[in-house]
């Protein structure tokens, strides 16, 4: 019952967000690794997610650097982004992180255009907006598409935990200003490692996918790579 309630809440949250950005399309990017660590204290928790796809058909749609009166990252407003992490297993967890545009406590913008105009980078080293420390999304001129996110309990509340035992996971990034949602699936087709409630890791999956919003079962769409 507890597990079903969590998944239902996740589905409802994702449905509301995507309803606000009705024009958002889903783009799938091949996962590289997902690491969920829980050494003990909440401040020591850490999650890193990455994706990298060579000769990718994905393109960057949206602009999180635009600032609005509400800071972006909310349905109907420009700028910012929404990062979602999902860890499936015996005790699944998820968390949604609104990443607003604005300035840090040191006066620097949270979102910036990457060097060479290849994408965007979010940096919040002091945790002014929460647990997300870094997000990078870019596409090189040679067609390599990549996403990276680092989330730390030291920076803010991090509720994503090793599912003990974990089976699979997702990372999605929804860009503001009419942007798309980028989905990264970490499935059991990759190398899965579990260490109880301390570690869950998936490396180099070969199947792409998106979580289905509105599905309490946590189902997903797949796209195999030839």
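Criterion applied to 138, 185 was being surrounded by fewer than 20 Cβ atoms within 10 Å (Cβ to Cβ), in a strand (DSSP E or B) and within 16 Å of the chain's Cα centre (by Cα), and the one residue passing it is 138. Considering only residues in the stretch 155-173 that are more than 16 Å from residue 99 (Cα to Cα) and not in a strand (DSSP E or B), the one that is nearest to the chain's Cα centre (by Cα) turns out to be 160. Taking the criterion of being surrounded by 21 or more Cβ atoms within 10 Å (Cβ to Cβ) and touching a residue at least 40 places away in the same chain (Cβ under 8 Å), the only residue of the stretch 102-112 that qualifies is 111. None of 131, 51 is surrounded by 20 or more Cβ atoms within 10 Å (Cβ to Cβ) and over 21 Å from residue 156 (Cβ atoms) except 51.
Out of 198, 203, 152, one residue alone is surrounded by 14 or more Cβ atoms within 10 Å (Cβ to Cβ), closer than 22 Å to residue 93 by Cβ, more than 18 Å from the chain's Cα centre (by Cα) and modelled with pLDDT of 95 or more. It is 198. Number of residues in the stretch 123-143 that are in contact with a strand residue (DSSP E or B) (Cβ under 7 Å, 6 or more places away or on another chain) and within 19 Å of residue 59 (Cβ to Cβ): the value is 5. Look at the stretch 183-205: where a residue is in contact (Cβ under 8 Å) with a residue 12 or more places away in the chain and at positive phi and a partner is surrounded by fewer than 18 Cβ atoms within 10 Å (Cβ to Cβ) and assigned to a strand (DSSP E or B), sitting 6+ places away or on another chain with Cβ atoms under 7 Å, you get 204/191.
The values are calculated or read from the model by the stated rules, or taken from the named source; none is laboratory data. Note that the structure is predicted; figures quoted are calculated from it, not measured. Cβ atoms come from the backbone with ideal geometry, glycine included; neighbour counts cover every protein chain shown.
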